[in-house]
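Participant: Below is the structure I would like to discuss, written out as structure tokens.
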Amino acid sequence: MKNYKKIRFVLHESDITQEQLAEILGRSASYVSARFRGKESFTIDECYKVLQLCDIAPEHIFEYFPPLVG
């Protein structure tokens, strides 16, 4: 299961809801929810969009979107 706790915290601190994130990504709220629950992974493009939205440098991608382990 993926752990997106760090990016969820940043989104929360930025007052960005999952519904708003879904709209920004052009996806449904259930799509985004499934990713945060670890059922599926975000695409690399989605990861970079979220980082840009949160003003996080791209080189920190693995801090906020850790690779699948195991």
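Participant: If the chain between K39 and Q52 were fully stretched, how many nm would it gain, using 0.36 nm times the residue separation less the Cα-Cα distance? Intermediate values should be presented prior to the final figure.
Facilitator: Values: separation 13, 0.36 × 13 = 4.68 nm, distance 2.35 nm.
So the extension gain works out to 2.3 nm.
Participant: Also, I was wondering about something else. Express the accessible area of the chain per residue in Å², computed with a 1.4 Å probe while the remaining protein chains stay in the model.
Facilitator: Values: 4770 Å² over 70 residues.
Ligands and nucleic acids excluded, the figure is 68 Å² per residue.
Participant: Per-residue ellipticity at 222 nm for the chain, helices alone: DSSP H runs ≥ 4 residues times -39500 (n - 2.57), over residue total, nearest 500 deg cm²/dmol? Please list the in-between numbers first.
Facilitator: On the way: 5 runs with 39 residues, N = 70.
Here the helix-only value at 222 nm equals -15000 deg cm²/dmol.
Participant: Quick one: longest stretch of the chain between exposed loop trypsin sites (Lys or Arg not before Pro), exposed meaning at most 14 other C-beta atoms within 10 Å and loop per DSSP?
Facilitator: Working: sites that count: R37, K39.
No qualifying site falls inside 1-36, the longest such stretch.
Participant: Could you please tell me the mean projected area of the C-alpha convex hull for the chain, averaged over all directions and given in square nanometres to one decimal? Write out the running numbers ahead of the final one.
Facilitator: Details: hull surface 16.9 nm².
In nm², the orientation-averaged hull projection of the chain is 4.2.
Participant: Give, in nm to one decimal, the length gained when the segment between F9 and E59 is fully stretched (0.36 nm per residue of separation minus the Cα-Cα distance).
Facilitator: Numbers: separation 50, 0.36 × 50 = 18.00 nm, distance 1.85 nm.
Result: 16.1 nm gained on full extension.
Participant: Right, another one. How much accessible area does D55 have with a 1.4 Å probe, in Å² rounded to the nearest 10?
Facilitator: Counting only protein heavy atoms, D55 exposes about 140 Å² to solvent.
The values are calculated or read from the model by the stated rules, or taken from the named source; none is laboratory data. Nothing here was measured: the structure is a model prediction, and the numbers come from that model. Methodologically, a virtual Cβ is constructed for each residue, glycine included, from the backbone with ideal geometry; neighbour enumeration extends over all protein chains shown. Keep in mind that these areas ignore ligands, DNA and RNA; they rest on the heavy atoms of the full protein, side chains included. Shrake-Rupley method; radii C 1.70, N 1.55, O 1.52, S 1.80 Å.
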